[in-house]
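Everything below concerns the one structure shown next.
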Amino acid sequence: MQLVATELFHRFDKTREVLRGVSLTVQADKTSTAVVAPSGSGKTTLLAIIGGLLPPTSGEVHVESGSRSMSVRDQVSWVFQTTGLLSRRSAWDNAAMGASALGRPRQEIESSVDEALAAVGLSDHANERAGILSGGEAQRLGVARAVATGLPFILADEPTGQLDRANSRLVADALFEAVQVAAGGLVLVTHDLDLASRCDRTLSLLDGKLRE
Ligand SMILES: Nc1ncnc2c1ncn2[C@@H]1O[C@H](COP(=O)(O)OP(=O)(O)OP(=O)(O)O)[C@@H](O)[C@H]1O
Ligand SMILES: [Mg+2]
């Protein structure tokens, strides 16, 4: 299975083109890709497009498995740069949101959510409202929510941006482990060069183009 983006161009207004011909193939083969680039260079835009959340101005994204084409949205889970949690719901409910939306059996959801919360060090916070979590705890919860889906592709937008070294490692381990278990592919955007160096390849986004 692979996630294929071809010749993506994107502009938000008439003047500035954020993406200028980006092509990227992400294999579901337990590998990881880091995208490293300065603030404002279009990383979040690129992830939104390859995850099927934002239609590109031109270009195309699809998931293929053998000769079959599949909906991108059904195969991709997200770690958003702004965590997008429901503040009045418990940490556990938030972590279960993605997995529940997939209609998984209750028992399966329960075990994958418990495991994902443990992996990011939040088991003790499971019953707390997400709204009272610290910024870093909220960020780890966003990672748990993606990991608990078990979907093949994980797109993570600066997943360690607010974390200390130990928790960055915990979150990275959880993401790498998730793509191993799902035999999937991980794309992560980061400014953390330690984290980028743990990925199988690193790409930079410069002047709207991806480079090795
Ligand atoms: N909805 C939008 N409408 C107009 N312009 C936008 C929109 N979203 C992003 N942009 C612009 O597109 C450019 C790229 O934004 P993007 O969020 O993709 O950057 P980024 O590389 O993720 O930056 P950061 O590292 O700060 O998160 C920025 O100049 C931003 O202002
Ligand atoms: Mg961004």
- Residues S90, S123: which one is touching a residue at least 40 places away in the same chain (Cβ under 8 Å) and in contact with a helix residue (DSSP H, G or I) (Cβ under 8 Å, 6 or more places away or on another chain)? S90
- Looking at segment 22-29, is at least one residue modelled with pLDDT of 95 or more, within 22 Å of M70 (Cα to Cα) and buried (at least 23 other Cβ atoms within 10 Å of the Cβ)? yes
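Conditions (1) surrounded by 14 or more Cβ atoms within 10 Å (Cβ to Cβ); (2) farther than 22 Å from E137 by Cβ; (3) away from ligand 2 (no atom under 16 Å from the Cβ), marked per residue:
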position	(1), (2), (3)
V4	yes, yes, yes
R11	yes, yes, yes
T31	yes, yes, yes
G51	yes, yes, no
V76	yes, yes, yes
V79	yes, no, no
A96	yes, no, yes
- Are any of the residues in segment 52-69 within 17 Å of the chain's Cα centre (by Cα) and in a helix (DSSP H, G or I)? no
- Do we have A183 as of a type in the set (G, A, S) and within 28 Å of R20 (Cβ to Cβ) here? no
- Query: Considering only residues of segment 153-173 that are crowded, with 24+ Cβ neighbours inside 10 Å and either away from ligand 1 (no atom under 16 Å from the Cβ) or over 13 Å from T82 (Cα atoms) (or both), which is nearest to the chain's Cα centre (by Cα)?
  - Reply: L155
- For A172, state whether it is on the phi > 0 side of the Ramachandran plot, of a type in the set (G, A, S), more than 16 Å from ligand 2 (Cβ to nearest atom) and modelled with pLDDT of 95 or more. no
- Note on the structure: How many residues of segment 38-51 are within 12 Å of ligand 1 (Cβ to nearest atom), under 17 Å from L186 (Cβ atoms) and either outside any helix (DSSP H, G or I) or small (G, A, S) (or both)? The answer is 1
- Note on the structure: How many residues of segment 148-184 are of a type in the set (A, V, I, L, M), under 15 Å from L117 (Cα atoms) and in contact with a Ser or Thr (Cβ under 7 Å, 6 or more places away or on another chain)? The answer is 3
- Hey, could you check segment 98-152 for residues that are in a helix (DSSP H, G or I) and basic (K, R) and say which is farthest from the chain's Cα centre (by Cα)? R106
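The values are calculated or read from the model by the stated rules, or taken from the named source; none is laboratory data. In this text the structure is predicted, and so the values were computed from the model without any measurement. Because the Cβ atoms are built from the backbone with ideal geometry, glycine has one as well, and the counts that use them run over all protein chains shown.
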